[in-house]
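What follows draws every value from the coordinates through simple rules; no lab data is involved. Remember, predicted model here, so these are calculated numbers, not experimental data. Positions of Cβ are backbone-derived with ideal geometry, glycine not excepted, and every protein chain shown enters the neighbour counts.
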Amino acid sequence: MATKTTLRAEVRIRRRARRAGTSTIEAPLAPEFNQSPIPVRDRAEAEGLAHQIRALASSMGAVTLPALFIPTPLEPDMSLALGLFERALLPVLLDEAGAPLGAPRWGLWEPGQALVTLGRPPAQPSGEVLGAESLKEADLIVIPALAASADGTRLGQGGGWYDRALTHRSPGTPVVAVIFDDEVLEAEIIPAEPHDVPVDGIVTPTRTMAINLR
């Protein structure tokens, strides 16, 4: 089994190759999607993920406050997912001076609200910074990953931000990892540690895999 460090490096190399030569597009979006508050990097990818997340939210009955994320350039294009909801919690990683915050924080984003980049991506909401406990209000949590497996094991970026943040979610709130199709790996390939929080589902641009979704 590869170490987490080795596996992360391999995934990042593939993602850089995937993004090589691509740029922000101006092509018209599918009519069912609102204009994105952040640039659409890959139209098919962004629309595919939006379709999957909308179908997942619909299958849950009603999602009133999802926790989503703004993607970095190498992450799957979540640019159209924000427009699916009237509001959403988004990670706040930096303070106003651009320095990393010491603990997970969130911001409430609503359509028309500005997103700011404080020196480095990803962007974050410009309004009030909420504490880690605000995640209790979310009824769907969508998080980034570098890889995941059908048993719920997730390979994160290595900083442990989501492992710390997810301890504040309400019991039973589904956690879904967003990755590319080729990053759905066999369980034995991804090293798991006791502090790793498993996910309940996996979303890619082409499919949704239910692991423990109700």
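Residue by residue, the range 65-82 carries 3J(HN,Hα) couplings of 8, x, 9, 10, 8, 8, x, 6, x, 8, 7, x, 6, 8, 4, 8, 5, 4 Hz when phi is fed to the Karplus relation 6.51 cos²θ - 1.76 cosθ + 1.60 (θ = phi - 60°); x denotes Gly or Pro. If you take all other residues with their beta carbon under 11 Å from the beta carbon of residue 198, and give Lys and Arg +1 and Asp and Glu -1, the sum is -3. A compact globular protein would have a Cα radius of gyration near 2.2 N^0.38 Å; the ratio found for the chain is 0.96. Residue by residue, the range 147-159 carries 3J(HN,Hα) couplings of 6, 7, 10, 5, 9, x, 5, 10, 9, x, 6, x, x Hz when phi is fed to the Karplus relation 6.51 cos²θ - 1.76 cosθ + 1.60 (θ = phi - 60°); x denotes Gly or Pro.
Subtracting the Cα-Cα distance from 0.36 nm times the residue separation, let me have the gained length for residue 13 to residue 116 in nm, one decimal. Don't skip to the end; give the middle numbers.
Values: separation 103, 0.36 × 103 = 37.08 nm, distance 2.73 nm.
Gain in length upon complete extension: 34.3 nm.
Between residue 212 and residue 184, the simple spin-label model (points 7 angstrom out along Cα→Cβ) gives 1.9 nm.
Below 14 angstrom from the Cβ of residue 112, what's the summed charge of the other residues (Lys, Arg +1; Asp, Glu -1)?
Working: positive: 87; negative: 86, 110.
Here the charged neighbours net out to -1.
When only Cα pairs below 8 angstrom with a gap of at least 6 residues are kept, the range 106-205 shows a relative contact order of 28 percent.
List the GluC sites (Glu not before Pro) within the range 56-152 that fall in a DSSP loop (any state other than H, G, I, E or B) and whose Cβ has at most 13 other Cβ atoms within 10 Å.
86, 96, 128
Let me make sure I get this right: for the range 142-214, a, b and c are the square roots of the gyration tensor eigenvalues over alpha carbons, sorted descending. Under 1.5 in a/c it's rounded, otherwise prolate if a/b > b/c, else oblate. Which is it? Numbers along the way, then the final one.
Numbers: a/c = 1.57, a/b = 1.17, b/c = 1.34.
Oblate shape, in that a/c is at least 1.5 and b/c is the bigger or equal ratio.
In order along the range 168-182, phi translates into HN-Hα couplings of 9, 6, 6, x, x, 5, x, 10, 10, 8, 10, 9, 7, 4, 7 Hz, rounded to whole numbers, per the Karplus curve 6.51 cos²θ - 1.76 cosθ + 1.60 with θ = phi - 60° and x for Gly and Pro.
Tell me, what is the FRET efficiency for residue 193 and residue 72 to the nearest 0.05, using R0 = 25 angstrom and their Cβ-Cβ distance as r?
For R0 = 25 Å, the calculated efficiency reads 0.60.
Loop-located GluC sites (Glu not before Pro) across the range 158-214 with a Cβ neighbour count of 15 or fewer within 10 Å are 186, with loop assigned by DSSP.
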